[in-house]
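Notes follow once the structure below has been shown.
The values are calculated or read from the model by the stated rules, or taken from the named source; none is laboratory data. Given the structure is predicted, the values throughout are model-derived calculations rather than measurements. Backbone-built Cβ (ideal geometry, glycine too); neighbour counts: all protein chains shown. What goes into the accessible areas is simple: the full protein's heavy atoms, side chains included, and nothing from ligands, DNA or RNA. Shrake-Rupley method; radii C 1.70, N 1.55, O 1.52, S 1.80 Å.
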Amino acid sequence: MADLDERHLTALRSFVLRARRIRAHSLARDPGLLVKLRNPQFRVLLDPATGETKVLLDLPPEEQVESAAARVRPLILNDEDTYHAKVMNALLYFGQKASLPETDMSTLREWKKEWAKINPRGKSLGYYEVRVQQQGQAETRISDNALAFSWIYGDVVHADPARREEGQAFGVEERFRAAIPVIVRLMTVAMVTLTLTEQLRARGVLPDLGDVFDEAVVVPDEPRELETRVYVAEYDEEGNIPPAPAADEEFGEGWKSFAEVFGGVKTPSQDQQGDDPTVSSHADSE
């Protein structure tokens with residue numbers, strides 16, 4: 001039983017860290033945009049005078065969706081601790097162990113079903129089908145789901161030639177456009193599952209998961225100032241610098257503090273000589 005508990009705890013710890021990265025993604029900061037992207041839309045423009053018709057597609061930058069794909073990918077790999085089925089089984093396990101009310105257990109089971117609808121190998125339609133016929137060749141058809149994972153596994157997180165070949169005839173833009181709602185759907189379900197996990201934790205249903213809810217999971221965008229000590233040294237004629245000390249030792253002969261060299265702070269010997277040291281090109285810090 002202890003081993004089973006630990007296996008479920010491992011899945012939840014891994015998921016929380018990954019889902020918090022997903023929640024911090026730039027796409028997730030605009031819930032309205034997520035709703036819009038999850039439901040594919042386009043505008044039809046008609047020129048009444050000429051009858052010319054155009055379809056206008058408003059897509060997010062590919063790099064932004066590509067980075068989101070990288071963040072959600074471990075959730076759909078069944079050999080990862082973060083695999084969605086392992087996470088939902090863990091929540092159901094601890095919910096049952098804590099005698100969670102049936103309404104709450106039913107909610108967890110419904111979201112497990114939502115996860116199961118996302119099938120990387122699925123060929124069925126999500127929203128639409130794409131058809132193409134090149135001159136002298138038979139018509140080729142593909143579902144939006146197959147096209148989406150052709151982009152995900154053929155163009156982005158892998159270079160799977162079979163997956164890419166499956167969507168090759170339709171072009172990278174069609175592959176990308178099909179992938180957007182799939183990626184956004186994964187992000188949305190992941191964030192809902194994270195919220196459910198947080199709620200169960202607050203109610204005391206889950207065992208202690210450690211510091212996974214507080215640990216830093218992304219690097220902030222803004223500039224950062226780190227207070228530290230910086231030391232510099234000169235290269236010798238053979239291009240070597242003095243040995244750097246161990247982390248718990250002080251810098252020794254040949255090393256000077258950055259402030260001493262560049263900040264006008266002089267040592268007694270420098271006061272006597274009146275000369276400034278020449279620094280070649282190396283700096284170290286601790």
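General remarks:
- Count of segment 185-204 residues, restricted to those that are among the β-branched types (Val, Ile, Thr) and surrounded by fewer than 18 Cβ atoms within 10 Å (Cβ to Cβ), is 2.
- Of the residues making up segment 63-83, those that are surrounded by fewer than 19 Cβ atoms within 10 Å (Cβ to Cβ) and polar (S, T, N, Q) are GLN64, SER67, ASN78.
- Residue check, VAL205 over 30 Å from LEU27 (Cα atoms) and assigned to a loop (DSSP other than H, G, I, E, B): yes
- Test: residue in segment 163-176 that is under 20 Å from VAL35 (Cα atoms), open to solvent by 20 Å² or more (accessible area, probe 1.4 Å) and out of contact with any strand residue (DSSP E or B) (no Cβ under 9 Å at 6 or more places or on another chain): no
- Subset of segment 156-170 (residues that are closer than 13 Å to ASP144 by Cα and not aromatic (Phe, Trp, Tyr)): GLU166, GLY167
- Boolean, GLU165 is free of Cβ contacts under 8 Å to residues at least 60 places away in the same chain, assigned to a helix (DSSP H, G or I), of a type outside the set (Val, Ile, Thr) and touching a Phe, Trp or Tyr at 6+ places or on another chain (Cβ under 9 Å): no
- You will find that of GLY167, GLY126, GLY171, GLY122, the residue that is in contact with a Pro (Cβ under 9 Å, 6 or more places away or on another chain) and under 26 Å from GLU62 (Cβ atoms) is GLY126 and no other.
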